[in-house]
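Report on one structure; see the data block that follows.
The values are calculated or read from the model by the stated rules, or taken from the named source; none is laboratory data. What you are looking at is a predicted structure, and each value in this text was computed from that prediction instead of being measured. All Cβ positions, even for glycine, are placed from backbone atoms using ideal geometry, and neighbour counts span all protein chains on display.
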Amino acid sequence: MLKPGLRERSVTYDVAVIGGGPGGFPAALAAARNGARTILVERSAALGGAAASGLSILGFLDRSGNKALDGIPQEFMDRLAALGGAPGHFWCPVHNSISPVSSDLVKIVAMRMCREAGVDILFENELIGAEVDENARLKAVTVFGKLTNTRIEATQFIDATGDGDLAYLAGVPFTRGQEGTEIMQPSTLVFTVTGHDLEKLFAFLDERPEEMGIKEDYADGYDVDFLRRTRGHCFIGLTDLVREAREAGDFSVPRNQFIHIATASEKLLTINTSRVTRIDASDPVELSAGLETGYQQVLEIVEFMRKYVPGFENVVISQISPALGIRETRHFMGRTRLTMDRLYTEDTSRKAIAQSAYNVDIHSGTGEGIDLTVIEKPYGIPYDCLVPQEVDGLLLSGRTISVDSTVFASARVMGTCMAVAEAAGTAAAMALAASGEVRDIDIEELRARLVAQGAMIPA
Ligand SMILES: Cc1cc2nc3c(=O)[nH]c(=O)nc-3n(C[C@H](O)[C@H](O)[C@H](O)COP(=O)(O)OP(=O)(O)OC[C@H]3O[C@@H](n4cnc5c(N)ncnc54)[C@H](O)[C@@H]3O)c2cc1C
């Protein structure tokens, strides 16, 4: 008889990517395509991260409607489109662009692309340890799943966990939340509904145009006609209905507006209206409590829709996101930290390995609103934002990169995270080929390689 107890495994790779979201799977893909034996570890049962929750992808078009992303991010969208899982990029006066996706096809396409490139995927395994040697070099991590500890030794690691769990364990310095206050943007339990009648909502908005929620100058053209003709839209509004419901005791969510987002299917709408404030989602107890609040809010929002929102009387929940959507936790320190005053400097552009075209979009961590600052033209994300301070053998990807909390509010979107990830994976493979450190790679060569792969970076 076998003795019960935890099992121990040990494996060795060139590159190990921890986290399989928009900041993770394109990194694994790029590393493998550039010749590295690569493993991708994901704690859930699917790749895609927040892209598998029902949200649409932001960041593909800039304010003028020009394309800002290509390479692996666009290839991913093309593969989704071929299966009916991505109807295209839709320009928007508020969000610059919305690219709806099928949350389920995201899981399959991301997995297929990784497997085709030879990436080994380890699902349902969570990072629990990191080994850093006396030279401050990350040597190995331990992940845990199904009563098994797997020790992964690798030459290069990429942290794509969102919260930066690996960088945290390895000892990379970080700040938390917004500069100055440490307040974090709120979390949201996203869910998807079906059974809505959008034409009925639009007819209501014809009668009550003041219920279109964004009225700032930059939102010129964000009206009901825009919603009608733009299949891939994000609707923000119903301020009066939300107030009415709150006064009647039917709405306790700390948000002053209702938000729905198109998905790849016209039969499904994603609701981004829940708001869990004042939690640090990198803390397990606060995260758990945040989920409880999120679930309570989902039901309340469904009841609000049925009672108050024209066209939503018969909605039913199709899916609740399997994870709480976490906007912000730790911000790690890299060799450089991009700040708003340096978005368009020559140094930033010269070292850029990805473009970011989305607006600065700060959801209040304490109040009800959203503070949005338009980004008129794409800026570059310098390679040094991916290279952490104090630890070798590690790159930051996705929303863990080294930017201040204001730039973060723009660069955190999934399109940008995918572009950053392509650069991270490519850089890890280049360092490996040169038997060197990621901090020493030639940025010009990385940029040239990214361009050859089809990526868009500032000239
Ligand atoms: C409510 C909400 C709405 C948003 N709306 C949009 C939107 O409409 N469009 C848009 O483009 N962006 C949106 N964003 C931003 C965007 O979703 C995230 O910033 C982006 O997904 C970050 O990508 P990531 O890969 O770094 O993290 P994630 O997407 O969170 O992926 C991280 C992955 O790592 C895994 N993981 C985490 N920790 C571990 C661990 N310790 N071990 C192993 N695996 C781990 C997770 O399971 C997950 O799969 C939104 C964010 C939130 C929270």
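Among the candidates THR161, THR148, single out the residue that is at pLDDT 95 or above, under 29 Å from PRO284 (Cβ atoms) and within 11 Å of the ligand (Cβ to nearest atom). Write out each step before concluding.
Working: THR148 fails: within 11 Å of the ligand (Cβ to nearest atom).
Step by step, each of THR161, THR148 is checked, and only THR161 is at pLDDT 95 or above, under 29 Å from PRO284 (Cβ atoms) and within 11 Å of the ligand (Cβ to nearest atom).
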Inset, instruction - Given the conditions (1) in a strand (DSSP E or B); (2) more than 14 Å from the ligand (Cβ to nearest atom), report the number of the one that ALA16 does not fulfil. - result: (2)
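Matching residues to (1) within 24 Å of GLU266 (Cα to Cα); (2) of a type outside the set (A, V, I, L, M, F, W, C); (3) not in a strand (DSSP E or B):
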{"residue": "PRO322", "(1), (2), (3)": "yes, yes, yes"}
{"residue": "HIS331", "(1), (2), (3)": "no, yes, no"}
{"residue": "TYR344", "(1), (2), (3)": "no, yes, yes"}
{"residue": "THR348", "(1), (2), (3)": "no, yes, yes"}
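Got a sec? Which strands (runs of 3 or more DSSP E) wholly within the stretch 369-458 have at least 2 residues that are buried (at least 23 other Cβ atoms within 10 Å of the Cβ) and more than 16 Å from the ligand (Cβ to nearest atom)? Quick ask: steps written out before the conclusion?
Working: elements: 370-373, 379-382, 394-396.
Because the criterion is at least 2 residues that are buried (at least 23 other Cβ atoms within 10 Å of the Cβ) and more than 16 Å from the ligand (Cβ to nearest atom), the strands (runs of 3 or more DSSP E) in the stretch 369-458 that meet it are 379-382.
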Inset, instruction - Could you grab me the full set of residues in the stretch 111-131 that are among the polar types (S, T, N, Q) and more than 24 Å from SER282 (Cβ to Cβ)? - result: none
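May I ask you to verify whether LEU69 is aliphatic (A, V, I, L, M) and within 14 Å of the ligand (Cβ to nearest atom)? Quick ask: steps written out before the conclusion?
Numbers: aliphatic (A, V, I, L, M): yes; within 14 Å of the ligand (Cβ to nearest atom): yes.
Against the criterion (aliphatic (A, V, I, L, M) and within 14 Å of the ligand (Cβ to nearest atom)), LEU69 qualifies.
Which of the residues belonging to the stretch 350-368 are among the β-branched types (Val, Ile, Thr) and assigned to a loop (DSSP other than H, G, I, E, B)? Even if it seems obvious, please write down each step before you answer.
Just the residues of the stretch 350-368 that are among the β-branched types (Val, Ile, Thr), to begin with: 353, 360, 362, 366.
Listed by number, the list holds a single entry, THR366.
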Inset, instruction - Check LEU2 against each of (1) near the ligand (Cβ under 9 Å from one of its atoms); (2) modelled with pLDDT under 95 and name the one condition it does not meet. - result: (1)
Legend entry - the stretch 123-144, residues that are surrounded by fewer than 22 Cβ atoms within 10 Å (Cβ to Cβ), near the ligand (Cβ under 10 Å from one of its atoms) and either free of Cβ contacts under 8 Å to residues at least 40 places away in the same chain or β-branched (Val, Ile, Thr) (or both): ILE128, PHE144
Inset, instruction - Name the residue, out of SER56, SER97, SER103, SER64, that is away from the ligand (no atom under 13 Å from the Cβ) and either among the acidic types (Asp, Glu) or under 26 Å from ASN272 (Cβ atoms) (or both). - result: SER64
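To keep it simple, each residue is scored yes or no on (1) within 26 Å of the chain's Cα centre (by Cα); (2) more than 14 Å from the ligand (Cβ to nearest atom).
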position	(1), (2)
LEU169	yes, no
THR175	yes, yes
ILE183	yes, yes
HIS196	no, yes
ARG228	no, yes
Legend entry - Residue pairs meeting the criteria (Cβ under 6 Å; at least 6 apart or on separate chains; first touching a residue at least 24 places away in the same chain (Cβ under 8 Å), in the stretch 398-414; second near the ligand (Cβ under 6 Å from one of its atoms) and part of a strand (DSSP E or B)): MET414/ILE57
